[in-house]
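> So that we are looking at the same thing, I have put the structure below in structure tokens.
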Amino acid sequence: MALEEYKRKRNFKQTPEPAGKVERGKGHRFVVQKHRASHLHYDFRLEMDGVLKSWAIPKGPSLDPADKRLAMQVEDHPVSYFDFEGIIPPGNYGAGTVMVWDVGKWQPEGDAHAMLAGGDLKFNLDGDKLKGSFALIHIRSSKPGNKGTEWLLIKHRDAYVQEPYDIDEYDHSALTKRTLDQIADDAGARQWKSSRPAATSGRSTKNDWLADSIAKADAKKREAAAKASAGAGSRRPAQKKASAKKLATKVTTSASSAIKKKSPSGKGLGH
Ligand code: MN
């Protein structure tokens, strides 16, 4: 994969994302972007062969070896995407807020090309938040509807393990320390308004399954959160945290229903 699919999905006159080009010889950097599009997810990207190999992880990475995180491989991104933080305007592919959640170096534990091709990529991360040994394992499934893009991200047991690991406790940018809400507010103030209608024609539906998977993961999370707060009863002292969660759920729900209204087929709910 070069960058054709990345470019085909985007209108660079409308999105502040970089158009990008293949850049060889920059080395082994990695970035994880927290991306609140129609559904919150994390984009895990490894620099390799002059592009960023990319996976969308609905629940985000974890330092707990018990968490096997579904990671859906998506199109290669340009290396210039590495420090993209801000807003993708409404109507564009992946519209929403992007945070640079973690950055650092990665080191393959063996021949990176062979491991990637074999669906068993083992590597070491040296970031601010993610450290130590991990594996990305390709899921081979003959299930109908399986697109062959599903992998699992798993932490290996080492000195950097954290059990349990709650990714929501780390809502701050590796670049600017801002929370996702702060990035949304800051960028929103500067956001220009396009007079052009959002492009809706010619958009691929091939990522609908990705949106569906993320939606399912979101629904499960909401269900679990609802159960947890119902079980906690009214004497619970941590009311501040609970109401913040409720608010977050409300925002997510209204965003989803807004998108449903606009696009009943779920088209364009991208990563
Ligand atoms: Mn994304």
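> Name the residue that is surrounded by the fewest Cβ atoms within 10 Å (Cβ to Cβ), counting only residues in region 29-60 that are within 24 Å of E150 (Cβ to Cβ) and away from the ligand (no atom under 16 Å from the Cβ). If you could, list the steps in order and put the result at the bottom.
Restricting attention to region 29-60, the residues satisfying the condition of being within 24 Å of E150 (Cβ to Cβ) are 30-49, 51-60.
Filter again for away from the ligand (no atom under 16 Å from the Cβ), leaving 47-49.
Working: E47: 20, M48: 20, D49: 15.
Taking the candidates together, the pick is D49.
> Now, a different point. Looking at V79, V74, which is the one that is crowded, with 17+ Cβ neighbours inside 10 Å and modelled with pLDDT of 95 or more?
Exactly one residue qualifies, and that residue is V74.
> Quick one: would you say G94 is small (G, A, S), in contact with a Gly (Cβ under 6 Å, 6 or more places away or on another chain), within 13 Å of the ligand (Cβ to nearest atom) and assigned by TED's automatic domain parsing to the domain that holds W151?
Working: small (G, A, S): yes; in contact with a Gly (Cβ under 6 Å, 6 or more places away or on another chain): yes; within 13 Å of the ligand (Cβ to nearest atom): yes; assigned by TED's automatic domain parsing to the domain that holds W151: yes.
The answer is yes for G94.
> Okay, moving on. For region 67-91, which positions are aliphatic (A, V, I, L, M) and either touching a Phe, Trp or Tyr at 6+ places or on another chain (Cβ under 9 Å) or within 11 Å of the ligand (Cβ to nearest atom) (or both)?
L70, A71, M72, V74, I88, listed by residue number.
> Within region 61-71, how many residues are surrounded by 20 or more Cβ atoms within 10 Å (Cβ to Cβ) and of a type in the set (D, E, K, R)?
Within region 61-71, residues that are surrounded by 20 or more Cβ atoms within 10 Å (Cβ to Cβ) and of a type in the set (D, E, K, R) number 1.
> All but one of (1) small (G, A, S); (2) crowded, with 16+ Cβ neighbours inside 10 Å; (3) at pLDDT below 95 hold for G148, so report the exception by its number.
(2)
> P65 - would you say it is modelled with pLDDT under 95 and either farther than 22 Å from L180 by Cα or not assigned by TED's automatic domain parsing to the domain that holds P108 (or both)? Talk me through it step by step, then tell me what you get.
Working: modelled with pLDDT under 95: no; either farther than 22 Å from L180 by Cα or not assigned by TED's automatic domain parsing to the domain that holds P108 (or both): yes.
When the stated conditions are applied, P65 does not pass them.
The values are calculated or read from the model by the stated rules, or taken from the named source; none is laboratory data. Just so we're clear, the structure is a prediction, and the values are computed from it rather than from any experiment. FYI the Cβ positions are ideal-geometry reconstructions off the backbone, even for glycines, and counts take in every protein chain you see.
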